[in-house]
Amino acid sequence: MTEMNSVLPPLSERSNVLRWIRKNLFGSVLDSILTIIGVLIAYWVIKGFLTWALTTARWEVISANLRLILIGQYPLEQAARLWIGVAFLIFLGGNSIGIWARESRFSVALLLSPAILALLPFSSGPRTWLIVLSVTGLVGWWLGRSRPEVLRRSVIIGWVISLPIIILLTHGFTPVDSGGVLAIVKTNLWGGLLLTFLLTVVGILFSFPIGVLLALGRRSELPIIRLASVMYIELVRGVPLITILFMAQLMLPLFLPQGVTIDRVLRAMVGIVLFSAAYLAENVRGGLQAIPKGQFEAAHALGLGKAQTMIYIVLPQALRLVIPILVGQFIAVFKDTALVAIVGLLDLLGIAKTVLAQPKFLGLQREVYVFISLIYWVLSYGMSYLSQRLEERLGVGK
Amino acid sequence: MADEPIIKVHDLHKWYGNFHVLKGINMEVKRREVIVIFGPSGSGKSTFIRTINRLEEHQRGEILVDGIELSHDVRNIEQVRMETGMVFQQFNLFPHLTVMQNIVLAPIQVRKWEKKKAEEIAMQLLERVGIPDQAHKFPGQLSGGQQQRVAIARALAMQPKIMLFDEPTSALDPEMIKEVLDAMVELAKSGMTMLVVTHEMGFARAVADRMFFFDQGQIVESGTPEEIFKAPKEERTKLFLSQILSH
Ligand SMILES: Nc1ncnc2c1ncn2[C@@H]1O[C@H](COP(=O)(O)OP(=O)(O)O)[C@@H](O)[C@H]1O
Ligand SMILES: [Mg+2]
């Protein structure tokens, strides 16, 4: 990569700005007209937006409700637990960058972004935490960089246990009144970005293995398994997510023994996982179909059994092929979690409605929705960017 | 015991749907023998050689490999596959694994060897086929001839008693055929039992003990290279040989 960048085109071809503009924007009469119309529209839209954003918009609705938007009704005195969870993730992230992406300056700069956010007018608590986050990330990065061999294993273990740890930190385990550490915070208090994040991560992580199993089931030699997989996949793909979420809220209790209740957030998670798994299965199946017969034959000829052939030969190649599609689907899961607002959970979108219901902030839909759209966009784009890096590293599509 | 054939094929029949591909094949192969199978395209050579490690199922007749009968019994199939190595026309290396990983995967997973032992043996094999310096590259970074030599090393790593080759040089550019044939000649001279589908008559002359001419799912003629090249008995064999030798 670096080599390519350092090779400049010959002098005669080095386009200066004017020539580039003339060639690409004013190559013909039609081009020129389109360019002018495009510029006018862009000017009109951007001017309108900026005028609003910089003069009339009342952004105090965001600053006053930032806590609600980020963590919902989660008790403020327990918020340190969430910060610790985030710090743990950032530490692992820094570690991983240090070990696997040592040359990527952009990734290191990413670790500094919390500290940069700390420049915004926060109160001293969050500001301290933001700086702590950056420091943890950088320490993790430095450790990973200096001892990659030693840390590789522990980082992987760290990622594996990270979800249980985050959930444990968020939920807690000692009864509220006992005064012990990590008092339980009921899920009806979880909200905002915190809830969206947890729904997404659980949705992705659990739907992945289920989706792979369904894809394998669909190719199984046992007719019953094949039929069950096909029926499940086609059934789920035939209904909108929102109906599944409603069913998870309203119908799941019917299947449970009396007296057993499942938490509403958990029900939503189950719905998202079951929904996403069906789509994932179809995507993985596409990858499986692309693996040539010769790969199976070579594996079998070497004495590898069916399961071994799948695990070591076919799945790694199939999954690599579908990484771009899977990431697209993961981003879709992230955005689809917004539907839980309709069944009454207070995720990012749900909390926006709560914010807007306050008499003080009536009519400020624009500010609130622009802000949460920005959050959705930054995170979606982040995922998409990371996956492109991953694809480059794994040589997908090479 | 030593003279007991390691492969016994008796009255082997196979159909693809209604299409009768193999029509009563009989063959016995002794230990350390090198067999060359040749014949026109579509005559069932690949199908036949693939029934010997059960990549293809047969419908009638019997196949015994080292005393193990190939049937629906999965354990027998596993055992036979452990004892036979196969090299394909299209190499079929695993593109997501390095050369070294390609070679050690089956010994570690199937034979349950220690990684270290497997890697040592893999290195020896890579030296034997002349590409020890490519161990940590991926198959996509190698030439066709190198890939096929990796495929040979990969099959040998399982320490098979029999090696099956299905047109191992047909997908290669002419300048790479020799390096692969050299590795095969060396293997033949080391005493490996080999079944080779090929039209490389130089190879057949040099190392084959017996040759079988296939046409339309049957063995038309068989004999030593001497007999086949000097005095073929059947018209079809003569015609076919004159066609491929005129090139
Ligand atoms: N999977 C299959 N299904 C149906 N027919 C097949 C299949 N594989 C091979 N055949 C047919 O069987 C015949 C023998 O094929 P093959 O053993 O590959 O011949 P050879 O290797 O001698 O060229 C050919 O006519 C081929 O078209
Ligand atoms: Mg063939």
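Per the listing B:96, B:72, the residue uniquely within 19 Å of residue B:141 (Cα to Cα) and either among the polar types (S, T, N, Q) or assigned to a loop (DSSP other than H, G, I, E, B) (or both) is B:96. If you go through the stretch B:34-89 and keep only what is away from ligand 1 (no atom under 16 Å from the Cβ), among the acidic types (Asp, Glu) and under 30 Å from residue B:236 (Cβ atoms), you end up with just B:62. Only one of the numbered conditions (1) surrounded by fewer than 16 Cβ atoms within 10 Å (Cβ to Cβ); (2) at pLDDT 90 or above; (3) under 20 Å from the mean Cα position of the chain (by Cα) is violated by residue A:389, and that is (2). Taking (1) more than 16 Å from ligand 1 (Cβ to nearest atom); (2) within 14 Å of chain A (Cβ to nearest Cβ); (3) surrounded by fewer than 22 Cβ atoms within 10 Å (Cβ to Cβ) in turn, residue B:171 satisfies each apart from (1).
Whether any residue in the stretch B:40-57 is away from chain A (no Cβ under 13 Å) and either out of contact with any strand residue (DSSP E or B) (no Cβ under 8 Å at 6 or more places or on another chain) or away from ligand 2 (no atom under 16 Å from the Cβ) (or both) is what I want to check. Yes, the stretch B:40-57 has at least one match. Residue check: is residue A:91 within 25 Å of residue A:159 (Cα to Cα) and touching a helix residue (DSSP H, G or I) at 6+ places or on another chain (Cβ under 6 Å)? Here the answer is yes, as residue A:91 does meet what is asked.
Of all residues in the stretch B:194-203, those that are closer than 18 Å to residue B:32 by Cβ and either of a type in the set (Phe, Trp, Tyr) or within 16 Å of ligand 1 (Cβ to nearest atom) (or both) total 3. Meeting the requirement of 3 or more residues that are more than 25 Å from residue A:334 (Cβ to Cβ), the helices (runs of 4 or more DSSP H) wholly within the stretch A:214-256 are A:223-237, A:252-255. Against the list (1) within 16 Å of ligand 2 (Cβ to nearest atom); (2) in a loop (DSSP other than H, G, I, E, B), the condition residue B:35 fails is (2).
Name the pairs whose Cβ atoms lie under 8 Å apart, with the first residue in the stretch B:15-38 and small (Gly, Ala, Ser), the second within 12 Å of ligand 1 (Cβ to nearest atom), and 6 or more positions between them or separate chains? That search, which allows pairs on different chains as well, returns B:24/B:218.
The values are calculated or read from the model by the stated rules, or taken from the named source; none is laboratory data. Because the structure is a prediction, the values reported are computed rather than measured. For neighbour counting, all protein chains shown are included, and Cβ atoms are generated from backbone atoms with ideal geometry for every residue, glycine included.
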